[in-house]
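This report refers to the structure that appears directly beneath it.
Just so you know, all these numbers are worked out from the coordinates, no wet-lab data involved. In this text the structure is predicted, and so the values were computed from the model without any measurement. Here the Cβ positions follow ideal geometry from the backbone for every residue, glycine too, while neighbour counts run over all protein chains shown.
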Amino acid sequence: MDAASIPTEQQEAPRAPSLDSPELYVNRELSWLDFNERVLELAEDERTPLLERVKFLAIYTSNLDEFEMIRVAGLHDQVDAGIDARKADGLSPSETIERIAARVRELGARHTRQWEREIRPALADHGIRVVAPEDCSPTELETLDRIFEEQVFPVLTPLAVGPGRPFPYISNLSLSLGVWLTDPVTHDELFARVKVPKEILPRLVEIGPRTFVPLETVIARHLDALFPGMEVRAHAAFRVVRDADFTVSDEADDLVRAVETELRRRRFGEVVLLEASADMDAEMRAFLIAQTQIEEHQVVDVEGMLDLTDLWQIHGLDGFAELRETPWTPAACGPFAVHDGKADLFAAMRAGDLLVHHPYDSFATSVERFVEQAVDDPDVLAIKMTVYRTSDDSALVPLLIKAAERGKQAVCLVELKARFDERRNIGWARSLEEAGAHVVHGLPGLKTHAKALLVVRREGTGVRHYVHVGTGNYHRGTARLYEDFGLFTCDRDVGADVAALFNALTGAARPPGYRTGLVAPERMRDGLLDAIARTVEAHRAGQPARIVMKMNSLVDRRCIRALYEASQAGVPIDLNIRGICCLVPGVPGVSENIRVVSVVGRFLEHSRVYSFQRGEERVTYIGSADLMPRNLDTRVELVVPVRDERLRGEIEDVLERCLADDSFAWDLAADGAWTRRRGDSRSVHEELMAATVERDRQPPAVEAAERPRAKRRFGRFGRRV
């Protein structure tokens, strides 16, 4: 009897896989490539304004560069060290490298094709031309030749390879021209490299109104001037990406000097990727592979212009408003009451907790205003702050310097090992120290990633703690682009936790235990696992139960397993994950109660929120940590509960809007495929911008509690109604 003839009720249901099965864990690196594909899809989307499509092409390239420099380089290090065992997803590092290479070629071809065949011609239709010299008019060529002679030629340094002339060092991310030369007298053939000096000259040379020529093609047109008396047999562009990851020992006597030393070494990391122009001849290609000591799978042939990060130059052109998103200016005061033209945050915080949501609410008039008021207030005794990433034009660090100069205790924990921000952070640390501020660099073996600001103010016979805990960096620039929450509170428990955290980071204190916050690496994972378990218990007791989480990346295996177990118990789980997701939703018997949505659009979704419904109880944490082993085990992270019911409702409303977005949202299926939703009726970014405008039409003196927030389109922490 075959299976088809067995009555349905007698057929066994497919057996659910073990929770240790590789099919339940997506490879981290391949999932990241899926995220970058979502960025690419925005560039491919004709509904996206044209210059925003240019922006997404540039973002795709810069994302991929960092991925290759850190993640792929790390995989090569593992293979070189003989560490090639299979991971939880069933792939070994060497197998992962092979799959990455294939995927990068596939996506790279789409990326280049979109620029060369779609976006560049569309720009030309709007009067923005990016052309090759052979497409220029005689007048344009005259301009191009003059620019070469006056501006480009003087800064070029051709380097030939031959006896006594070793192959030159090719710096990370630099663009070069490879040239085959023949000596007409000796008939000797040799190779030469010409670095394209795009660090000091515009990559796209403007030769007429809104008409640009790539710098490397300008140089290629004049190779005879660089190599007089030689025959130029062939030339082609190429680019290398090097290993930029490094580890600094926390045992170094001078951590600042140790980081500076490693930054110098970063320039000389091994090559992990060679991008070569597709028209490069086979002999030159083989020569470069041999000289850079890489393998064939580390080469990507590009059919068109290399290094599209430089398209930011096009995106930054003045004018062309019709080709961009409508500009957005963050709300000037957010939810704060205004007095004499400036928000009195201390008074507002004493009246109740406050929530800001960037980039909808202004960073300058909330976070920066908080520190400014603290510096100017004679009753403020101390200001303590963590700095992971901040901007060159940061107002916060100069304010801390001013606080130190005024005799206040100014404490700044500067994370020197924040990747690619090391130099900036070293500069700020030295400036703070010179002003007399207390500067520390955290705990040995751990990066400090927590986002916390503590103001200690004398009031009556005691002191009060005013606290800001955020999900994003104290960075003026990214606060206009990244979506993040910030909680301002005078809550005694939260204040005590943040004070204890700073004492642990600056001294030798071992906190006896935090009251409400979850701090990594001590207790965050266990605290969140406990919250999941308690939600399962509530569901089994017949109470309404639900888990909603929003983060950048979900990688931690223990957390994934706990979510699988909650799904198996019947708890509905909604995950809003912008980037990496190693969990597989929709697997029968395991994760059919889990849905995963990714929102990638105008603003970069960056907040981390962990919300649990258990009957009438609702617990919502916000903070700095993603659910990744590095965050939970090797970083100092902080998440705190949002206790105010009204503020918690606002966060829940944002979560629901993200889950309902049908314009910039992708769904993850059980087969690992991400599918973009094809509606255009809901955009969380557009909705929240409109809600902010509506809110701020109210008179500015209205108290925060009386001012309307975003209009609710959902039941409280429930499904859409």
Exercise for the section: Compute the acute angle (0 to 90°) between the alpha-carbon long axis of helix 50-67 and the principal axis of greatest extent of the alpha-carbon atoms of the chain; round to the nearest 10°. Expected result: 90
Problem - Net charge contributed by nearby residues that have their C-beta within less than 10 Å of Arg558 (K/R +1, D/E -1) - result: +1
Problem - Over 30 Å (Cα to Cα) - which of Lys87/Lys447; Lys198/Lys384; Lys87/Lys198 fall in this group - result: Lys198/Lys384; Lys87/Lys198
Practice task
Choose one of Gly586, Leu201, Gly527: the residue whose Cα lies farthest towards the positive end of the charge dipole of the chain (beta-carbon charges +1 Lys, Arg; -1 Asp, Glu; about the Cα centre).
Solution key: Gly527
Practice task
With unit charges on the beta carbon (Lys/Arg positive, Asp/Glu negative), name the residue among Ala88, Val271, Ser394 whose Cα is farthest towards the positive pole of the charge dipole of the chain.
Solution key: Ser394
Problem - Eligible aspartates and glutamates near Lys451 by straight Cα distance, threshold 12 Å, same-chain separation 8 or greater - result: Glu415, Asp484, Glu637
Problem - Rg to Rh quotient for the stretch 115-240, alpha carbon positions, Kirkwood Rh - result: 1.01
Problem - P(r) histogram, all alpha-carbon pairs of the chain included - 10 Å bins from 0, percent - result: 3, 13, 21, 24, 20, 12, 5, 2, 0, 0
Completion exercise
With only helices counted (DSSP H, runs n ≥ 4, each -39500 (n - 2.57)), the per-residue ellipticity at 222 nm for the chain, to the nearest 500, works out to -10000 deg cm²/dmol
Exercise for the section: Report the net charge of residues surrounding Glu372, where surrounding means a beta-carbon distance below 11 angstrom and charges are Lys +1, Arg +1, Asp -1, Glu -1. Expected result: 0
Exercise for the section: With both partners inside the chain, how many of the DSSP beta bridges are antiparallel, as a percent to the nearest 5? Expected result: 70
Practice task
Just name one of Gln298, Val469, Ala132: the one whose Cα is farthest towards the positive end of the charge dipole of the chain (beta-carbon charges, Lys/Arg +1, Asp/Glu -1).
Solution key: Val469
Completion exercise
Listed with the fewest Cβ neighbours within 10 Å leading, Leu655, Leu317 appear as Leu317, Leu655
Fill in the blank from the handout: Given unit charges at Cβ for Lys, Arg (+) and Asp, Glu (-), the dipole magnitude of the stretch 518-706 about its Cα centre in debye, nearest 20, is 500
Fill in the blank from the handout: At the level of C-alpha centres, the distance separating the stretch 555-631 and the stretch 636-695, in angstrom, is 13
Exercise for the section: Calculate the translational D of the stretch 518-706 in whole µm² s⁻¹ from Stokes-Einstein, where the hydrodynamic radius comes from the Kirkwood formula applied to all Cα pairs, the temperature is 20 °C and the viscosity 1.002 mPa s. Expected result: 123
Fill in the blank from the handout: If one compares the long axis through the Cα atoms of helix 492-506 with the longest principal axis of the Cα atoms of the chain, the angle in degrees, nearest 10, works out at 40
Practice task
Give the cross-link partners of Lys195 among the aspartates and glutamates, using a straight C-alpha distance below 17 Å as the criterion and excluding same-chain residues fewer than 8 apart.
Solution key: Glu149, Glu216, Asp224, Glu275, Asp307, Asp310
Fill in the blank from the handout: Within the under-14-Å Cβ sphere about Pro512, not counting Pro512, Lys/Arg +1 and Asp/Glu -1 give a net charge of 0
Exercise for the section: Considering only DSSP beta bridges where both residues belong to the stretch 518-706, give the percentage that are antiparallel (nearest 5). Expected result: 70
Fill in the blank from the handout: In degrees rounded to 10, the 0-90 angle between helix 28-44 Cα long axis and the longest Cα principal axis of the chain is 70
Fill in the blank from the handout: Computed about the Cα centre, the charge dipole of the chain from +1 Lys/Arg and -1 Asp/Glu charges at the Cβ has a magnitude in debye, to the nearest 20, of 2540
Practice task
Can you list which of the GluC sites (Glu not before Pro) found in the stretch 533-621 are DSSP loop residues with at most 16 other C-beta atoms within 10 Å?
Solution key: Glu592, Glu616
